[in-house]
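Asks: Sharing a structure with you now.
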2 protein chains.
Amino acid sequence: MPRHRVTQTDVAALAGVSQATVSFVLSGRTPSGVRISEETRQRVLDAIRITGYSVNPVAQRLAGGHNQILGVFTYETTFPRGGRDFYGPFLVGIEHAAEQIGVDLLLFTSARVVEGSRRLTRSGWQRLGIADGCLLLGQHEERAELQHLLDTNYPFVFLGRRESEGGRLPYVGADYLAATKRATERAADLGHRRIGYVGPTGSDEPTSDRLSGYRALMAERGLPTQFIDPADPGQTASEIAERQLSAVLLAPEVDPDELCRALAGRGISVPDDLSVLLLGQPHHRLPGPTLWSGFTIPREQMGARALLLLSRLAGTAGAREDESTTDLHQLLECTEVAGETLTAPRAPDGSANRLPAAPEQERNNA
Amino acid sequence: MPRHRVTQTDVAALAGVSQATVSFVLSGRTPSGVRISEETRQRVLDAIRITGYSVNPVAQRLAGGHNQILGVFTYETTFPRGGRDFYGPFLVGIEHAAEQIGVDLLLFTSARVVEGSRRLTRSGWQRLGIADGCLLLGQHEERAELQHLLDTNYPFVFLGRRESEGGRLPYVGADYLAATKRATERAADLGHRRIGYVGPTGSDEPTSDRLSGYRALMAERGLPTQFIDPADPGQTASEIAERQLSAVLLAPEVDPDELCRALAGRGISVPDDLSVLLLGQPHHRLPGPTLWSGFTIPREQMGARALLLLSRLAGTAGAREDESTTDLHQLLECTEVAGETLTAPRAPDGSANRLPAAPEQERNNA
DNA sequence: ACAATGGGATTATGCGCATTATTAGCGGGT
DNA sequence: ACCCGCTAATAATGCGCATAATCCCATTGT
């Protein structure tokens, strides 16, 4: 620890005023009818410059103020070992935004781990208090905990759409519904009629949004929906063959490379026999050489937007008040990827019909 | 903010003791001859359990204690955009270690950025005080700042070997010297005699360690050293051809893929005409398909070890006192990679040693 | 009987800041 | 003279904890 850091008291002494005055000048606020003359203000400012004073964030926070620290709580290990990196892209955006608005980031790595997932226990969430607010990200969050957090009035933002009673839970998510619907539409527009959905059918928001998008488009076109649970790649491949699907949508939980191998083993090649559309970056591994069609989740942008929103909610300085941080519930557009795994289906007679996918408008997330 | 968190005073009231007693029981320490009876201790412990008390890290820190937060300061953006990810692997190790010993991680993203590199200004380093100690990582650190930090007696650890007067600066680095020497030796053992070093020749520790390793082995074997500055890939390739090198060591600053392309343009193929050894993971891009020979830097391990060391220096609870955290200056062994870009050199007469040489036309594209 | 221990806990204080309540000075209206 | 209103600032307090200083009381020694 530094040998006696410069405190407001030191500054006050130099400027010939009281510590409180220094505090007022620094904060710029004068809540209870306190007035500071311009002359005094300048004297204090000079003293600050001379002494090189800078606020002690810890004391600041203890005294009930803000300390320009925003927390990041991940329900799973933030940086998993062995390559699989789910949070990385989010963090990129988060860090970038943090740098922009000048806040520090506190990673809550000390939370107790229960069954491979971090838990926000009472003692755990007390720690959140260090930060002005907290970003929550993860797939295995506990509803009860969230509810509790909401009740405490502590500012936080969830990364990913999450429903809550009264919509009190702020979030920044990706519009899976629209993106999935659009992906399905692309397949349908090319002439596919037997379009299957491969992925879990849970009730969590990302999954149910994807399912809704798929169902909506299929209903619009009067096509039958087909769901396959990706328990085992071989099993999945067999079902695809059996049902004679000509296109499949793959949830991120499915490993496309693995599935492709299983399909190849059954004489089905992608995209000649089967078009494949990814509904977001797959969780499983680093991107392989295949350029998958479908869409990607704008993770960096989500991270950045979430931090900006949190910053506003937490009343952190540097928070901008522009339109991008106004809405408590933000859904960002996913990025459509043309890719090379989507083609028109074979004609009913079995002859190949290899029209390359129309080049889609590709947008880059910042 | 929580509606009145449970404080030590609350616990004390319930247990029928004073706040100080609670503090003593919690810390386990009794610095000034204070004694607590076992019975009282139990009563306090029970009260803690009942109330669900957990310490307020902010107050704890302000009062001069530890708060189980360790800082991470990176001189460059921690998570760079656009794929290039230098710190990622370190962070993986750091986070893992942090989880192990139960500390939170504070990322100092608010530091002022000057010329693309973060700076530890006075106001910046005052913020470090939030944490019990701080990990420093980066390539463009400022010596003066480090010196200043040392003087303040604030606990920190540098990630990467850094010299300092009196060896007062604790660090955890990789043994580039030994690893480079060994890489050079592998080439020499295969019969290479014209072994060049491609990379910057600055005086920073990583670079100078690599150079020393190279020089040492070449001297041992009585071979002439040859240095090439990698200003431009084409230029570099030309020089390699001109000097008729049969093997080159590549510093991480060099992009091996790019160089390879330039070499191919001059009719030099790797590894048939030229063996290539990487002295650590290249900075430039995501790993391509080529399996480069050479060595890799154990980044995860370095991160973890550094955090463990820091934890001990900072006196953080949970810090283990085993041999791995005892030494203030730790050099970790690099991982040797066999790879596929190292082969025996062509025989002196010019006939191919492995594969028949395909006489190539030399092209100039300066 | 009384001072000298020493175990067992308390009181008091301060960390650096935010904030509320309060004070001091001063000109003008009556 | 007195109160009023207004400006300009200060004193006081508390956030929750660590810790030094202190205190109380039952034993023990002489």
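Asks: Taking Cα atoms, how many degrees apart are the long axis of helix B:233-242 and the longest axis of chain B, rounded to 10 and kept between 0 and 90?
Replies: Once rounded, the angle reads 50 degrees.
Asks: Taking every Cα atom in the stretch B:176-297, find the radius of gyration and the maximum pairwise distance Dmax, and write them in Å.
Replies: Computed over the Cα atoms of the stretch B:176-297, radius of gyration and Dmax are 13.0, 37 Å.
Asks: Taking H as built 1.01 Å from N, whose amide H comes closer than 5 Å to the amide H of B:F227, not counting residues under 5 places away?
Replies: Answer set, sorted by chain and number: B:Y197.
Asks: Can I ask one more? If you restrict to DSSP beta bridges whose two residues both lie in the stretch B:74-223, what percentage is antiparallel, to the nearest 5? Walk me through the intermediate numbers first.
Replies: Details: 2 of 9 bridges.
Percent antiparallel among DSSP bridges in the stretch B:74-223 is about 20.
Asks: Place the label 7 angstrom along Cα→C-beta at A:E242 and in each other copy, then list the distances from the first to the rest in nm, shortest first.
Replies: The projected label point of A:E242 is separated from its counterparts by 6.9 nm.
Asks: So what's the back-of-envelope 222 nm ellipticity for chain A, counting only DSSP H runs of four-plus at -39500 (n - 2.57) apiece and dividing by all residues, rounded to 500?
Replies: Working: 12 runs with 135 residues, N = 366.
Taking each H run of at least 4 residues, the total per residue is -11000 deg cm²/dmol.
Asks: Okay, next question. Which residues, if any, in the stretch B:92-108 lose at least 40 square angstrom of accessible heavy-atom surface (probe 1.4 Å) when the other protein chains sit next to their chain rather than the chain being alone?
Replies: At a threshold of 40 Å² (probe 1.4 Å), the residues of the stretch B:92-108 that become less exposed are B:V92, B:E95, B:H96, B:E99, B:D104, B:L105, B:L106, B:L107.
Asks: I've got another one for you. Could you check the spin-label model distance between A:Q147 and B:I50? Points 7 Å from the Cα along Cα→Cβ, value in nm.
Replies: Each label point is offset 7 Å from its Cα along the Cβ direction, giving 2.7 nm.
Asks: Also, I was wondering about something else. Show me you know the interface measure: the accessible area buried between B and A, both chains summed, probe 1.4 Å, in Å² to the nearest 100. Intermediate values should be presented prior to the final figure.
Replies: On the way: alone 19040 and 18650 Å², together 32820 Å².
Summing both sides, the interface buries roughly 4900 Å².
Asks: Starting from the exponent 0.38 and prefactor 2.2 Å, build the expected Rg for chain A from its residue count and divide its actual Cα Rg by it. Before the final figure, lay out the partial values.
Replies: On the way: Rg = 26.3 Å, N = 366, 2.2 N^0.38 = 20.7 Å.
Ratio of Cα Rg to 2.2 N^0.38 Å: 1.27.
Asks: Also, I was wondering about something else. Accessible surface of A:T290 in the full protein assembly, 1.4 angstrom probe, to the nearest 10 Å²?
Replies: That residue has around 50 Å² of solvent-accessible surface.
Asks: Need one number: % antiparallel among DSSP beta bridges in the protein assembly as shown, to the nearest 5.
Replies: On the way: 14 of 78 bridges.
For the protein assembly as shown, the DSSP antiparallel bridge percentage is about 20.
Asks: Same structure again: From largest accessible area down, sort A:D229, B:D257; use a 1.4 Å probe on the protein chains. Could you put the intermediate results ahead of the total?
Replies: Values: A:D229 90, B:D257 35 Å².
Ranked list, largest accessible area first: A:D229, B:D257.
Asks: A:E258 accessible area, nearest 10 Å², 1.4 Å probe?
Replies: Spelled out: A:E258, probe radius 1.4 Å, area about 80 Å².
Asks: While we're on this one: Probe of 1.4 angstrom, ligands and nucleic acids ignored: what's the accessible area per residue over the protein assembly as shown, in square angstrom? Display every interim value, and only then the final one.
Replies: On the way: 32820 Å² over 732 residues.
Each residue of the protein assembly as shown exposes 45 Å² on average to a 1.4 Å probe.
Asks: Just to confirm the numbers: B:R261, label point 7 angstrom along the Cα-Cβ line, distances to the other copies in nm, shortest first?
Replies: Ordered by increasing distance: 3.0 nm.
Asks: Let me ask something else. With the calculation restricted to Cα positions, what are the radius of gyration and Dmax of the stretch B:132-205 in angstrom?
Replies: 16.7, 52
Asks: How big is the stretch B:8-55 in terms of Cα radius of gyration and Dmax, in angstroms?
Replies: Rg, Dmax (Cα atoms, Å): 9.7, 29.
Asks: In addition: So if R0 is 41 Å, what FRET efficiency would A:S32 and B:A63 give, r being the distance between their Cβ atoms, rounded to the nearest 0.05? Kindly include the intermediate steps, with their values, before the conclusion.
Replies: Numbers: r = 28 Å, r/R0 = 0.68.
The computed FRET efficiency comes out at 0.90.
Asks: In 10 Å bins starting at 0, how do the alpha-carbon pair distances of the stretch B:1-126 split up by percent?
Replies: In whole percents, the pair-distance histogram is 11, 28, 26, 18, 13, 4, 0.
Asks: Then there is this: As a test, work out the antiparallel percent of DSSP beta bridges whose residues both lie in chain A, rounded to the nearest 5. Numbers along the way, then the final one.
Replies: Numbers: 6 of 38 bridges.
Antiparallel: roughly 15 percent of the beta bridges in chain A.
Asks: Can you list the distances in nanometres, one decimal and ascending, from the A:L45 label point to the identical position in each other copy, with the point 7 Å along Cα to Cβ?
Replies: 5.8
Asks: Tell me the GluC sites (Glu not before Pro) within the stretch A:144-231 that lie in a loop according to DSSP and have at most 14 other beta-carbon atoms within 10 Å.
Replies: Details: sites: A:E145, A:E163, A:E165, A:E185, A:E220; in loops: A:E163.
Passing sites in the stretch A:144-231 are A:E163.
Asks: Above 40 angstrom, tally the Cα pairs of the protein assembly as shown and express them as a % of all pairs, no decimals.
Replies: Tail of the P(r) past 40 Å holds 46 percent of the pairs.
The values are calculated or read from the model by the stated rules, or taken from the named source; none is laboratory data. Keep in mind that this is a model prediction, so the values were computed, not measured. Every residue, glycine among them, receives a Cβ derived from its backbone with ideal geometry; neighbour counts consider all protein chains shown. Only protein heavy atoms, including side chains, enter the accessible area calculation; ligands, DNA and RNA are left aside. Shrake-Rupley method; radii C 1.70, N 1.55, O 1.52, S 1.80 Å.
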